[in-house]
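A short worksheet on the structure shown next.
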Amino acid sequence: MAKPLLKVGVLLVVGACIPSIGCGDDDGSSDGETGTETVSQEVLQPGSDLVWQRCPLGQTFDGAACTGSANSTNWNEASTACPTDFRLPTRQEFIDLLGGCDEAVLSGTYGNCSTCAASNTCNTIFPSDTGWYWSSSQGDVGNAWSAAFRNGKVDDDLFEVTHRVRCVRTRP
């Protein structure tokens, strides 16, 4: 007589609310709902106290993916676009998220880091993101730093260039 097989599995809950980091929508208010399940619009970066909005401004997380159209804006508008208690990430926070940065980036100039898809940290929380994002860090006069998830480029762009905005906050 054959013995029954014991199956052991892991359940991964996508979009679940994590009470320790809050469960607010993009505007920092109440939770989003899909059916009977609460969907968190925030995600904690592994190994840190940094909480990212799951989706760029203009989009919402529906429990499986970011939906809607991501806003692109110039840096002056981006610098005031984040909801209450959120802010633009710093250049260093993008470097930490992407990892694998070349000496040029690490020494404070433009260059390349890992793509989001190739970065364990970034790919874990933003697996299909390929956008360009503004940082809060200013560079040369009239410029601010930005990061591209698609190709890992970290660059010092003119304020007038348009990129997406993904806000962060430090976990209380």
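At a glance:
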{"read-out": "Ser107/Asn74 FRET efficiency (R0 30 Å; Cβ-Cβ; nearest 0.05)", "value": "0.65"}
{"read-out": "Likely footprinting exposure, Cys66, Cys167, fewest C-beta neighbours within 10 Å first", "value": "Cys66, Cys167"}
{"read-out": "Qualifying trypsin sites (Lys or Arg not before Pro) for the stretch 79-172 [loop in DSSP, other Cβ within 10 Å: at most 13]", "value": "Arg150"}
{"read-out": "Cα gyration tensor category, rounded, prolate or oblate, for the stretch 62-168 with a/c compared to 1.5", "value": "oblate"}
{"read-out": "Only Lys, Arg (+1) and Asp, Glu (-1) charged, at Cβ; the stretch 19-170 dipole about Cα centre in debye", "value": "240"}
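Readers should treat all values here as calculations from the given coordinates under stated rules, not as data from a laboratory. Model, not experiment: these values are computed from the prediction. A quick note on method: Cβ atoms are made from the backbone with ideal geometry, for glycine too, and the neighbour counts reach across all protein chains shown.
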